[in-house]
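Asker: Starting off with a structure, shown below.
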Amino acid sequence: MNKTIDKVTTKRMAIYSGRTHPTLAAEVAAHLSVELGEANIVQFANGEMRARFGESVRGGDVFVMQTHGAADGRSVNDSIMEQLIMIDAAYRASAKRVTAVCPFYGYARQDRKAEGREPITAKLVADMFKAAGSKRMVSIDLHSGQIQGFFDGPVDHLTAVPVLEDYVRRNVTDGVVIVSPDAGRVKVAERFAQHLVDLNADVAFVHKRRPKGLDNVAVAKEVIGDVDGRLCILTDDMIDTGGTIVSAAELLIERGAREVWAMATHGVLSGPAIERLEAAPISRVVLTNTLPLPAEKRIAKIEVLSVAKIIADALSAVFDETSVSELFGGENQS
């Protein structure tokens, strides 16, 4: 007598976090009503790391979350390597699919050869994720859209614009100018302004020049657009050393701006950034929590908004095999 067994497979979601920004990962897991997994990361005396998941991930949909930043004495490179090790552990533990969740993608500015004999490190990082066993990547506001093509698999490119837009709506009544700190991000500023058309939002941009051979240096030269007597909001994907944003803000004030805010998805805030922002004619610096903000960098003018709900909704869509781009009306694709 033949017996047949009808077996219904149950999809399982598992989320693990590296040590760079566990607070964000815990917030994402809470939105999804999922318990954050235990990665059991051990750091040996010589600096090497090992991860060993505390529960079985066989057949599961595993999301390994790590933002590529420096924290607690560990570097950006440590963050990336730690995530690679966790992905390899999940892959070798027979996870059905491993997704690399990188709220801030490291080396994103090295996306092309600007001069001879330079690497394209953004592509190298993508190759390493694929080699480790990741079939998919999720990130927020990549420095350039072309990085999506560096990864040999699906990339879900999220944007923090809905969170930033909501902040503007709650704090501005009328007559705002969305300012791009350089010509390359005018398209992003225009889209932001279109969402705020009921606030009579206009667009302007700063023409800047980068002296050849100097890294992290940009000089604001002129403002294209009417900013006289108006609230100007500088928008960018990240604030690193603060040179670009501060130079642009000073120029806007010179050209008659009534007040200047700065908004960015990623608060890298390297080197002299905090001192520059503190002294700059910028009344508010609005960032998201894609990167941890240590206590010593929490100056009064910085406000941090959460992108946990955006990430959680995207991971839920990936898990349920539904559209991620529909969450943003397709505007996350460029």
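The values are calculated or read from the model by the stated rules, or taken from the named source; none is laboratory data. This is a predicted model, so every value here is computed, not measured. Virtual Cβ from ideal backbone geometry, glycine too; neighbours counted across all protein chains shown.
Asker: With the requirement that a residue be in a helix (DSSP H, G or I) and farther than 28 Å from VAL307 by Cβ, what does region 219-259 give you?
Answerer: First, pick out the residues of region 219-259 that are in a helix (DSSP H, G or I): 243-254.
Of everything in region 219-259, those that are in a helix (DSSP H, G or I) and farther than 28 Å from VAL307 by Cβ turn out to be GLU250, LEU251, ILE253, GLU254.
Asker: Moving on. Could you go through region 66-89 and let me know if any residue there is assigned to a strand (DSSP E or B), under 29 Å from GLY329 (Cα atoms), touching a residue at least 12 places away in the same chain (Cβ under 8 Å) and β-branched (Val, Ile, Thr). Working first, answer last.
Answerer: Initial filter on region 66-89 (assigned to a strand (DSSP E or B)): 71, 74.
With under 29 Å from GLY329 (Cα atoms) added as a condition, the list becomes none.
So far as region 66-89 goes, no, none of its residues is assigned to a strand (DSSP E or B), under 29 Å from GLY329 (Cα atoms), touching a residue at least 12 places away in the same chain (Cβ under 8 Å) and β-branched (Val, Ile, Thr).
Asker: Next up: I'd like to check something: does region 121-141 contain any residue that is within 19 Å of HIS21 (Cβ to Cβ) and part of a loop (DSSP other than H, G, I, E, B)? Let's see the steps before the verdict.
Answerer: The initial filter retains those residues of region 121-141 that are within 19 Å of HIS21 (Cβ to Cβ), namely 125, 129, 134, 137-141.
Restricting the remaining residues to those that are part of a loop (DSSP other than H, G, I, E, B) gives 134, 141.
Yes, region 121-141 contains a residue that is within 19 Å of HIS21 (Cβ to Cβ) and part of a loop (DSSP other than H, G, I, E, B).
Asker: Here is a further query. Go through (1) farther than 22 Å from ARG136 by Cβ; (2) in a loop (DSSP other than H, G, I, E, B) for ALA262 and report which single condition fails.
Answerer: (2)
Asker: Sticking with this structure for a sec: Report, by residue number, each residue of region 261-279 that is crowded, with 24+ Cβ neighbours inside 10 Å, in contact (Cβ under 8 Å) with a residue 40 or more places away in the chain and of a type in the set (A, V, I, L, M, F, W, C).
Answerer: Within region 261-279, just MET263 meets the criteria.
Asker: Let me ask something additional. Return the residues of region 285-334 that are surrounded by 15 or more Cβ atoms within 10 Å (Cβ to Cβ) and among the hydroxyl-bearing types (Ser, Thr, Tyr); say none if nothing qualifies.
Answerer: THR288, THR290, SER306, SER316, SER325
Asker: Take the conditions part of a loop (DSSP other than H, G, I, E, B) and either at pLDDT 95 or above or surrounded by fewer than 19 Cβ atoms within 10 Å (Cβ to Cβ) (or both) and apply them to ASP156. Does it pass?
Answerer: Working: part of a loop (DSSP other than H, G, I, E, B): no; either at pLDDT 95 or above or surrounded by fewer than 19 Cβ atoms within 10 Å (Cβ to Cβ) (or both): yes.
Against the criterion (part of a loop (DSSP other than H, G, I, E, B) and either at pLDDT 95 or above or surrounded by fewer than 19 Cβ atoms within 10 Å (Cβ to Cβ) (or both)), ASP156 does not qualify.
Asker: Among the residues of region 315-331, is there at least one that is modelled with pLDDT of 95 or more, outside the structural domain of TYR107 (by TED's automatic domain parsing) and in a helix (DSSP H, G or I)?
Answerer: no
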